[in-house]
């Protein structure tokens, strides 16, 4: 970032924070008469990855006047074959942001790609410019993130919204180019790649932010209950999710399909060895493949456990992991056969992670369940009339439990007798979360670390990736974090990294 820009942005933040009444001279970087920051003085951000989630989260960036979205990037130019959570929900959200009830009216399906993203950005800035009648065409669109980083000299930061297998590759390239990095979870779907990113962040001292972070005030209340000994000594934490909510396949796609027009399949694969194109690798379903995603644990566990680890000062990753996944069968020539699935996560998983002693917590066991699995209610809880919801978070101690929603919502002390006996704070007042992009924008402008910094996410990143290693090996694995090594299985160590395609090697 140019030094003059840093000064202007910092001045603006400090001036506006001091209150409009104290401004005697309007700063030059504020557009005359509008009170808005000029686009040239905003944080210039490129959005890399223009699928459904990438497009959905653009509204937050566009509406943030501290940020200017100057470039978009995706190997796909345009298509109407994306999978999403509803047929027209994404389009409706973009229409609302643009104030245009007709936007995308000719789409025949869920549309995505860099052309859709560019159109969204240009239309938004045109409508909200001092001269809305003049066509805005300043957002650049790129197929290859490497070209974007080479050509966008005035770029300050990148937001990575690609499939998981590209997160570390793009983050490392961006950091090497001197760009701040914001990414969706996970930071990487391989332990060694994540460690490389952490080391690069320390080396460059650039600002980073993991989008799974949020200020969970409920976790502060749970922290206080644990410190007050309301449930005795913590023994277990259980977290369960209904994910996956995308098609999950029992084996790799067979055969190949024609590569869609204007889709760079080779670039989409990135570091992963070449394979024939098939639609079932791409778009929403990438999450379920070992090569491209991180499964339900990486997809949702970061939301619930990253802020929790921070609140509970959990800084040391799991020292061991064990996993179970459901098995599927097929039939051939009248014979039932179990499917030996080495390519994809199961429909449902259970993980047990052995967490070491932390700053003020004893060693405890962390359990994750997905695919509709969840723990059983204890006899004591059943006697209290407690039943677990389809998603949740449970803390088990030597003298009781704390039960909450998946991300800590509405926590309560159980059994009821424990809650009645506790004289401390039992509720959290309603609060208003800030806009998600405000958190990382403030970090870039101020030069202070984001609370969602990559370096804050080291423990959860290693813990979740270790769980996948245990699942793939099919046995308990013991982990030495300092040396990044599985100590009881040579086979397991190969899953800490990946086989790289020539020209895409890291390190």
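Of all residues in region 348-383, those satisfying the criterion of being in contact with a helix residue (DSSP H, G or I) (Cβ under 9 Å, 6 or more places away or on another chain) and touching a residue at least 60 places away in the same chain (Cβ under 8 Å) are 349, 351, 353, 355, 360, 361, 366, 368, 370, 371.
Matching residues to (1) under 17 Å from residue 136 (Cβ atoms); (2) in contact with a helix residue (DSSP H, G or I) (Cβ under 6 Å, 6 or more places away or on another chain); (3) surrounded by 24 or more Cβ atoms within 10 Å (Cβ to Cβ):
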{"residue": "41", "(1), (2), (3)": "no, yes, no"}
{"residue": "63", "(1), (2), (3)": "yes, no, no"}
{"residue": "76", "(1), (2), (3)": "no, no, yes"}
{"residue": "83", "(1), (2), (3)": "no, yes, no"}
{"residue": "86", "(1), (2), (3)": "no, no, no"}
{"residue": "90", "(1), (2), (3)": "no, yes, no"}
{"residue": "96", "(1), (2), (3)": "no, no, no"}
{"residue": "107", "(1), (2), (3)": "no, no, no"}
{"residue": "114", "(1), (2), (3)": "yes, no, yes"}
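Listed conditions (1) under 30 Å from residue 398 (Cβ atoms); (2) surrounded by fewer than 17 Cβ atoms within 10 Å (Cβ to Cβ); (3) out of contact with any strand residue (DSSP E or B) (no Cβ under 9 Å at 6 or more places or on another chain) are all met by residue 333, apart from (1). For region 384-411, filtering for residues that are touching a residue at least 12 places away in the same chain (Cβ under 8 Å) and either loosely packed, with under 15 Cβ neighbours inside 10 Å or assigned to a loop (DSSP other than H, G, I, E, B) (or both) leaves 16.
Return a yes/no flag: does region 227-243 have any residue that is within 23 Å of residue 74 (Cβ to Cβ), under 24 Å from the mean Cα position of the chain (by Cα) and assigned to a loop (DSSP other than H, G, I, E, B).
Checked region 227-243: no residue is within 23 Å of residue 74 (Cβ to Cβ), under 24 Å from the mean Cα position of the chain (by Cα) and assigned to a loop (DSSP other than H, G, I, E, B).
Considering region 483-500, and only residues there that are in a loop (DSSP other than H, G, I, E, B) and within 25 Å of the chain's Cα centre (by Cα), the residue that is surrounded by the fewest Cβ atoms within 10 Å (Cβ to Cβ) turns out to be 499.
Residues that are farther than 21 Å from residue 308 by Cα and either surrounded by 15 or more Cβ atoms within 10 Å (Cβ to Cβ) or in contact (Cβ under 8 Å) with a residue 24 or more places away in the chain (or both) within region 412-437 comprise 415, 416, 418, 419, 422, listed in sequence order. Comparison of 503, 507 shows that the only residue that is at pLDDT below 95, part of a loop (DSSP other than H, G, I, E, B) and either surrounded by fewer than 20 Cβ atoms within 10 Å (Cβ to Cβ) or over 22 Å from the mean Cα position of the chain (by Cα) (or both) is 507. Among residues of region 191-202 being in contact (Cβ under 8 Å) with a residue 12 or more places away in the chain, more than 30 Å from residue 406 (Cα to Cα) and out of contact with any strand residue (DSSP E or B) (no Cβ under 6 Å at 6 or more places or on another chain), the one that is surrounded by the fewest Cβ atoms within 10 Å (Cβ to Cβ) is 202. Against the criterion of being buried (at least 19 other Cβ atoms within 10 Å of the Cβ) and either modelled with pLDDT under 95 or in a helix (DSSP H, G or I) (or both), residue 72 does not qualify. Across region 347-357, not a single residue is classified as over 16 Å from residue 470 (Cα atoms) and touching a strand residue (DSSP E or B) at 6+ places or on another chain (Cβ under 6 Å).
Within region 134-161, track down each residue that is over 20 Å from residue 504 (Cβ atoms) and either at pLDDT below 95 or not in a strand (DSSP E or B) (or both). Of everything in region 134-161, those that are over 20 Å from residue 504 (Cβ atoms) and either at pLDDT below 95 or not in a strand (DSSP E or B) (or both) turn out to be 134, 135, 136, 137, 138, 139, 151, 152, 153, 154, 155, 156. Just need a number here: residues in region 216-260 that are under 30 Å from residue 147 (Cβ atoms) and without any contact (Cβ under 8 Å) to a residue 40 or more places away in the chain. So the count comes out to 5. In this structure, residue 442 does not satisfy being assigned to a loop (DSSP other than H, G, I, E, B) and modelled with pLDDT of 95 or more. For region 117-133, the count of residues that are in contact with a helix residue (DSSP H, G or I) (Cβ under 8 Å, 6 or more places away or on another chain), free of Cβ contacts under 8 Å to residues at least 24 places away in the same chain and either surrounded by 14 or more Cβ atoms within 10 Å (Cβ to Cβ) or not in a helix (DSSP H, G or I) (or both) is nonzero. Where strands (runs of 3 or more DSSP E) fall entirely within region 262-362, those with at least 3 residues that are modelled with pLDDT under 95 are at 329-332.
The values are calculated or read from the model by the stated rules, or taken from the named source; none is laboratory data. Given the structure is predicted, the values throughout are model-derived calculations rather than measurements. Here the Cβ is made from the backbone with ideal geometry for all residues, glycine too, and neighbour counts use every protein chain on show.
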